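The values are calculated or read from the model by the stated rules, or taken from the named source; none is laboratory data. On a predicted model such as this, the values are computed, not experimentally measured, just so you know. Positions of Cβ are generated from backbone atoms using ideal geometry, with glycine treated the same way; all protein chains shown enter the neighbour counts. Calculation scope for accessible area: heavy atoms of the full protein, side chains included, ligands and nucleic acids excluded. Shrake-Rupley method; radii C 1.70, N 1.55, O 1.52, S 1.80 Å.
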Amino acid sequence: MKELLTPKKLVIRTVSALTVLAVVMFTCSLIGTESISLKAVFGGADIQESVNPDYEIFVKVRLPRIILACLVGAALACSGVVFQALLRNPLADPYILGISSGAGLGVIIAVISGLDWMLLGRSPIAFFAFAGALGTIWLVWFIGRLTGKFHVTGLLLAGVVVNAFFSAVIMFLTSIAKSQQVYSTIFWLMGNITEEDFLVLWLGAGFVVTGILALFYISPQLNALSFGEEDARSMGVNIARTQLIAFGIAAAITAIAVSLSGLIGFVGLLVPHAVRLIFGPDHRQLLPLSGIFGAIFLVIADTLARVIIAPAQLPVGVVTAILGGPFFLVLLVKYSRKVSWLR
Amino acid sequence: MSAIIEVKNLSFGYTPQNTILKDISFEIKAGTFLAIAGPNGAGKSTLLNLLCRALKPKSGTIKIDAIPIESYNWEALAGKVAVVRQEFVPVFGFSVIETVLMARTPYFGTFGFENKTDKQIVNEALEATDTAQFASRPLGSLSGGERQRVFIARALAANSPVLLLDEPTSFLDLKHQVGIYDLLKSTQLEQGKTIVSITHDINLAAQYCDQILLLGADGNYHIGETKDVFSTEQIEKVFGVRTFVGSLGKENFFIPLGKFAKDSGQITDKHI
């Protein structure tokens, strides 16, 4: 039984991955167009009655950005794992059921309406993105259920149709919008990691970590669900409850990620596959490790986005696609013998 | 022995207008090997799905171990009834041992891990089905026959007294068909399990099973000992096919005779 996952193996791998994450976060926090000294950072906010620039850059610019990259990366990767398991489809990612177009629609409506109120010091864009994402996933779920209880094909088709419809609405609204409004929308759609408010970060992190822990709790049931609903039911899994919890949490953490950072592609597709190829498909391990490696991947991608064309910055979504594609292909070739869906 | 499965006045239809199973009643005693046979569309898989609560009856009751099936929660029902469905390979490459271990999901601890008893039960199931040799291989790399044995191992690992199987030998060659039925029979005899298996092979059913439930497409059904249910007349009535009946020891066997069947004369034990 050497090949089975044990609690000891899981703890060792999770702690090792968390250590790698800590090293990556620390290293990336020191990288940027302005070089900073750690010694100066630990000197505090003020030195000799003036602002400490190293401290300001580290604490107010880089640290929140790295924390945000961690939570968005972890949320998207775990959500990808769940959608791949629920839909039993290797092509599934967090956006497959229309969250992206729903959030995009929310954003362009917010931009075009010219709403200028603020909540928690934020423009309405993030709230509209969040509402658009959750509203769309509810709509897809509702349409999917009309085709039968969690009918996978029905759900996927509903997702495709809603996605296409909302994308058309986005294109229509873009074509009648002013050029500045179009720019704001496209900038958001490309995905960007910028956040300065620690309250928002901790709130987001709290929700995402709680969601991932809840998903870990139902990971044995997700394993059984990989064999189809009927098989899982005969293995004692309460299908309706598991699907509702998994779907609800995955949708919620994706909506949080999307509202904080825009649309960042590839993370939710590539990271779960990469982790699955290396460590196997057991969700008890796949979920926590995907979360951590998703965080690592996005922290690195965002650091590259900050420095590649400095002083300008690239949208992080561009980097995740350019970095993620070839990296995944190497893994795919190397480990393809380990997975059945390639046979 | 008492009845472990009791079905009373069971009716089911996929739409309100259609009724595929009409007023069916039967009992299956603990430790029996029963085959469900009948033409396509007679409702064999539907009945199996009702017996594991994948479907809800239109009317009538099903009791497992004297308790109405709807009174069980899913975990408790999995402890009573294990199901082997027609072959399904998951998209993601679980290994054989991971697959078999999933039958223990209802018994996992708070953190979702198995204990020593679970591992021992899984080992026994792998040994009983002769699948321990490829325990670490991905399910997708096995042949159809090997995979079917793994799914039977998973059903055995559930440690439930009742085993339901939906055409466990479809797509398998003769050797593997016999291998699967040998395995099921030894499970029945050694572990005292009640086995209900859908089959299209009336000869395998006649050879291995104690009882037959023959479902007709017209809603009629017959249940009883193999020799009482299988006869050329009954088979022709239910399947619409003439058969030649021969005997092998105490058991009869049937050769279907199609439009172009050659006259093979008398078949006797000597020929076999």
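Here is how the numbers come out for the structure above:
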read-out	value
Residues that are within 7 Å of another protein chain (Cβ to nearest Cβ), in contact (Cβ under 8 Å) with a residue 60 or more places away in the chain and over 20 Å from the mean Cα position of the chain (by Cα), drawn from the range A:212-235	A:Pro220, A:Asn223, A:Ser226, A:Gly228
Among residues of the range B:69-83, those that are more than 9 Å from chain A (Cβ to nearest Cβ), touching a residue at least 24 places away in the same chain (Cβ under 8 Å) and open to solvent by less than 30 Å² (accessible area, probe 1.4 Å), counted	0
Hey, B:Ser186 assigned to a loop (DSSP other than H, G, I, E, B), farther than 17 Å from A:Glu230 by Cβ and open to solvent by 30 Å² or more (accessible area, probe 1.4 Å) or not	no
Checking A:Ile300 against (1) away from chain B (no Cβ under 14 Å); (2) open to solvent by less than 50 Å² (accessible area, probe 1.4 Å); (3) within 17 Å of the chain's Cα centre (by Cα), the condition it does not meet	(2)
Every residue from the range B:139-158 that is more than 12 Å from chain A (Cβ to nearest Cβ), open to solvent by less than 10 Å² (accessible area, probe 1.4 Å) and over 17 Å from the mean Cα position of the chain (by Cα)	none
Sole residue being within 15 Å of A:Val237 (Cα to Cα), at the interface with chain A (Cβ under 7 Å from one of its Cβ atoms) and either among the hydrophobic types (A, V, I, L, M, F, W, C) or touching a Cys at 6+ places or on another chain (Cβ under 9 Å) (or both), chosen from B:Phe108, B:Phe88	B:Phe108
Single condition A:Ala252 does not satisfy, out of (1) open to solvent by 10 Å² or more (accessible area, probe 1.4 Å); (2) more than 15 Å from A:Ala74 (Cβ to Cβ); (3) modelled with pLDDT of 90 or more	(2)
Scope the range B:91-100; condition at the interface with chain A (Cβ under 7 Å from one of its Cβ atoms) and in contact (Cβ under 8 Å) with a residue 12 or more places away in the chain; matching residues	B:Gly93, B:Phe94, B:Ser95, B:Ile97
In the range A:13-53, residue farthest from the other protein chains (Cβ to nearest Cβ) [restricted to those that are touching a Leu at 6+ places or on another chain (Cβ under 8 Å), more than 16 Å from A:Phe279 (Cα to Cα) and modelled with pLDDT of 75 or more]	A:Ile36
Per-region count, the range B:214-237, residues of a type outside the set (Ser, Thr, Tyr) and touching a Leu at 6+ places or on another chain (Cβ under 6 Å)	3
Residue satisfying all of: in the range B:23-48; open to solvent by 10 Å² or more (accessible area, probe 1.4 Å) and under 11 Å from the mean Cα position of the chain (by Cα); farthest from the other protein chains (Cβ to nearest Cβ) among these	B:Lys44
When residues of the range B:123-138 are limited to those that are more than 21 Å from the chain's Cα centre (by Cα) and open to solvent by less than 50 Å² (accessible area, probe 1.4 Å), the one nearest to B:Gln188 (Cα to Cα)	B:Ala132
For B:Ala103: the one exception among (1) among the small types (Gly, Ala, Ser); (2) in a strand (DSSP E or B); (3) within 8 Å of another protein chain (Cβ to nearest Cβ)	(2)
Filter result (part of a loop (DSSP other than H, G, I, E, B), modelled with pLDDT of 90 or more and among the aromatic types (Phe, Trp, Tyr)) within the range B:65-93	B:Tyr72
Residue among B:Ala128, B:Ala205 that alone is over 29 Å from B:Gly38 (Cα atoms), away from chain A (no Cβ under 13 Å) and in contact (Cβ under 8 Å) with a residue 24 or more places away in the chain	B:Ala128
When residues of the range A:1-12 are limited to those that are part of a helix (DSSP H, G or I) and within 14 Å of chain B (Cβ to nearest Cβ), the one surrounded by the fewest Cβ atoms within 10 Å (Cβ to Cβ)	A:Lys8
Among the candidates A:Leu270, A:Leu263, residue that is within 26 Å of A:Ala224 (Cα to Cα) and among the aliphatic types (A, V, I, L, M)	A:Leu270
Test: residue in the range A:64-78 that is in contact (Cβ under 8 Å) with a residue 40 or more places away in the chain and either within 14 Å of chain B (Cβ to nearest Cβ) or over 17 Å from the mean Cα position of the chain (by Cα) (or both)	no
Enumeration of residues in the range B:111-120 that are outside any helix (DSSP H, G or I) and within 7 Å of another protein chain (Cβ to nearest Cβ)	B:Phe111, B:Gly112, B:Phe113
Listing of helices (runs of 4 or more DSSP H) fully contained in the range A:172-278 that carry 2 or more residues being within 30 Å of B:Pro138 (Cα to Cα) and polar (S, T, N, Q)	A:219-225, A:239-261
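Here is a yes/no grid of residues against (1) within 14 Å of chain B (Cβ to nearest Cβ); (2) aliphatic (A, V, I, L, M):
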{"position": "A:Asn238", "(1), (2)": "yes, no"}
{"position": "A:Gln243", "(1), (2)": "yes, no"}
{"position": "A:Gly248", "(1), (2)": "no, no"}
{"position": "A:Ala252", "(1), (2)": "no, yes"}
{"position": "A:Val258", "(1), (2)": "no, yes"}
{"position": "A:Ala274", "(1), (2)": "yes, yes"}
{"position": "A:Gly280", "(1), (2)": "yes, no"}
